[in-house]
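Scroll down for the structure; my scribbles are underneath it.
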Amino acid sequence: AKSAGGNRFELADPEADARAITRHGLTTALPAALDRGEFFIEYQPLVHLGDGSVRGAEALVRWLHPQHGVLGPDRFIPLAEHTGLIVPLGRWVLEQSVRQARAWQERHGGAGPLRINVNLSPCQLTHPGLVQDTVDILEREGLDADALCLEVTESALIGADDDLLKPLRRLAEMGVDIALDDFGTGYSNLANLRRLPVSILKLDRSFTQGMQQFPADPVDLKIVEGIVSLAHSLDLAVTVEGVETGAQAEQLRILGCDTAQGWYYARPGPPERLHELALVDATG
Ligand code: C2E
Ligand code: CA
Ligand code: CA
Ligand code: CA
């Protein structure tokens, strides 16, 4: 790739070329990677803002590539969506996560169940096996549907017709929570929310960024306040993403947000980590 910046000519951009090659290489390597077990999942705690207790975790997939090391989902999920591998990969993520949630519940004893949040890509939503696969996995692993939350991005549901919503409705009726992920980035019609079988709004990180300083940006405060009151009036819980400081956590708690997730509490990590965090929490 050649590019001209201003009045200076630049030579071929070796990094851009490497990226393009890598993209192609990664795409062709994806199916074998799933067979070889190169994917793994990190878990990030979801914390109740009122009392600070760990209530569950979001499963975030990673690829331990033999040459490139650990790759984040932004590097390969779009490729997996493009090639259709996202369906078996997503099923694998769901199965692992549900199994892990069951293991936490067993080890955690009477301290209250830990819930598990799993991301669904739009291709999985339109795949006819979604409901049956989910039912099978929950049954096989012995996890209650109430302990599972599926996260669907706001953009995937904009303008969604009934065919697209049917499987989500079915899952919601079973007790699975549906969360609207990256909420606030998709310009969806707020009145539309009533039509969707969702019970949780996950407020996008861009909203919490303005609250890193104290006092926070007053416009950001107003917007979050408005979204929280709308959500609660529709019986939706609000989870906030990207909480990086104590000041953010405190302001979001005051604004009435229910659950938080972010580096302030913990980075995504191995499953043992979540178990420790939850245990510490339960024993005070
Ligand atoms: P997401 O669902 O919005 O996940 C939250 C992302 O924010 C994660 O990035 C997480 O590591 C990051 N994050 C968490 N706390 C903080 C914080 O305090 N500050 C900042 N700056 N970032 C924070 P990650 O793991 O790279 O995942 C990126 C995206 O990849 C996810 O965004 C999700 O859309 C997608 N993804 C991850 N796992 C899966 C999966 O199993 N299936 C599908 N379809 N998509 C997945
Ligand atoms: Ca998510
Ligand atoms: Ca439920
Ligand atoms: Ca998100």
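In the frame of its principal axes, segment 212-282 has Cα extents of 38, 30, 18 Å, reported largest first. Projected over every direction and averaged, the convex hull enclosing the alpha-carbon atoms of segment 166-275 yields 7.9 nm². For segment 194-253 versus segment 51-128, the spacing of their alpha-carbon centroids is 24 Å. A P(r) calculated from all alpha carbon pairs of segment 130-194, with 5 Å bins opening at zero, reads 4, 16, 26, 23, 15, 10, 5, 1 percent. Karplus-derived 3J(HN,Hα) values for segment 66-82, using 6.51 cos²θ - 1.76 cosθ + 1.60 with θ = phi - 60°, are x, 9, 9, x, 6, 10, x, x, 4, 7, 10, 4, x, 5, 5, 5, 5 Hz; glycine and proline are entered as x.
Scaling against 2.2 N^0.38 Å puts the C-alpha radius of gyration of segment 80-156 at 1.15.
Computed from backbone phi with θ = phi - 60° and the Karplus coefficients 6.51, -1.76 and 1.60, the 3J(HN,Hα) list for segment 207-219 is 6, 7, 4, x, 10, 5, 9, 10, x, 6, 4, x, 5 Hz; x is used for glycine and proline. Working note: 222 nm ellipticity from helices only, DSSP H runs with n ≥ 4, each -39,500 (n - 2.57), summed and divided by the residues of the chain, gives -14500 deg cm²/dmol to the nearest 500. Pairwise Cα separations in the chain fall into 5 Å bins from 0 onward with the following percentages, short to long: 1, 5, 11, 15, 16, 16, 14, 10, 6, 3, 2, 1, 0, 0. Once you've got the GNM for the chain with C-alpha springs shorter than 10 Å, pick whichever of P271, P66, P14 has the biggest mean-square fluctuation. Highest fluctuation of the listed residues: P14.
Bear in mind these aren't lab numbers, they're just calculated from the coordinates by the rules spelled out. Bear in mind that the values here come from a model prediction, so they are computed numbers and not experimental data.
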